[in-house]
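First comes the structure, then the notes that go with it.
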Amino acid sequence: MLRSSNVLTYARRAIRQRLKRRVFELIQIEPPHSFLGQVFDYFMIGLIILNILAFTFETVDSVALNNRTYFNDFESFSAIIFTIEYGLRLWTCDLIQPKFRAPVLGRLKFAMTPMAIVDFISILPYWLFFFFHDLVFIKWIHFLRLARLLKIGRYSESMRTLGHVLQAKGGDLLTALFMVFLLLVISSSAIYYTERVAQPDIFSSIPASMWWSVITLTSVGYGDAYPVTPLGRLIGGMIAVLGLGLVALPTGILASGYTDEIRKKRMQQRSNCPHCGADLNSKPASHSVSLPEHHEASNGRS
């Protein structure tokens, strides 16, 4: 009797682990995906896009007043789907990395990862409104629904590539941003000391002059603030020219990052066996058969 109970317990555990593995393969964040995994990705991308459209059109009174019920029902449906997805990710996170294997602490560590935080924030407004709909600040929290737009990076290969580029070129981009800030402060200070006598209301301080610096560096030029003295116009022309090069700097960094990322992916594809997908740079022992035998067998089947 005890032996049969142990067998039953083992069978249940095996079924649970097999189910967890299937769910993990369905919602995993990296390719390769199964057909159902691709369907899941496309469904979630479509749902996220529809949520952003609904969030936008809810601000149009003529649309929102006549379709309030549909908007509320769609929000409830979306929040439930996103909540189930968040729960499944917490359940299967122990299959991602060993540090997430602890039943409680591992889940807490996973919940603190950036994308898990985005998942939580995206469902937080709905459940706060569901349980505490009388709170005054709840309407402002609805703005957090825009976090669902960040979720699309999990299901889009292009967005994942952008994330890798930003991560690889983060230091270079921070350097470029520091240069922008430095030029902003210098140009604001220069135009303030040049124009403060001629236009004390517009260039009343260095922080107030930063508005002119921003629209000049970005080549926007609204026309609400501009220098009138000869020296101020000379400084304005120099800042406008420097602004053109400054905008091109982050663009070049991102373009270089994209080129490196695409080259890296192509090298990775070439290093994989076209028949079994195994890494050709690994030791031959990792293959079930030696590499020449494997290709001979593959050619025989073809």
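A compact table of results
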item: Accessible surface of the stretch 65-119, 1.4 Å probe, proportion on carbon and sulfur as whole %; result: 70
item: Percent RCO, i.e. relative contact order, over the stretch 103-242, from Cα pairs under 8 Å lying at least 6 residues apart; result: 16
item: Descending semi-axes in Å of the stretch 37-190, equivalent ellipsoid built from Cα gyration tensor; result: 31, 26, 17
item: Percent of C-alpha pairs per 5 Å bin, the stretch 1-114, short to long; result: 2, 10, 14, 15, 15, 13, 11, 8, 6, 3, 2, 1, 1, 0
item: Solvent-accessible area per residue, Å², over the stretch 116-171 with all protein chains present [probe radius 1.4 Å]; result: 60
item: Student exercise, the stretch 48-120 dipole from Lys, Arg, Asp, Glu Cβ charges, in Debye to nearest 20; result: 520
item: Descending Cα extents along the principal axes, the stretch 76-161, whole Å; result: 42, 33, 20
item: Inter-centroid distance (Cα atoms) of the stretch 91-106 relative to the stretch 182-217, Å; result: 53
item: Solvent-accessible area, 1.4 Å probe, carbon plus sulfur percent, for the stretch 131-239; result: 72
item: Fraction of alpha-carbon pairs over 20 Å apart in the stretch 173-247 - percent; result: 22
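The values are calculated or read from the model by the stated rules, or taken from the named source; none is laboratory data. In this text the structure is predicted, and so the values were computed from the model without any measurement. Ideal geometry is used to build each Cβ from the backbone, glycine not excepted, and the neighbour counts take in all protein chains shown. Just so you know, the surface numbers come from the protein's heavy atoms only, side chains and all, with ligands and any DNA or RNA stripped out. Shrake-Rupley method; radii C 1.70, N 1.55, O 1.52, S 1.80 Å.
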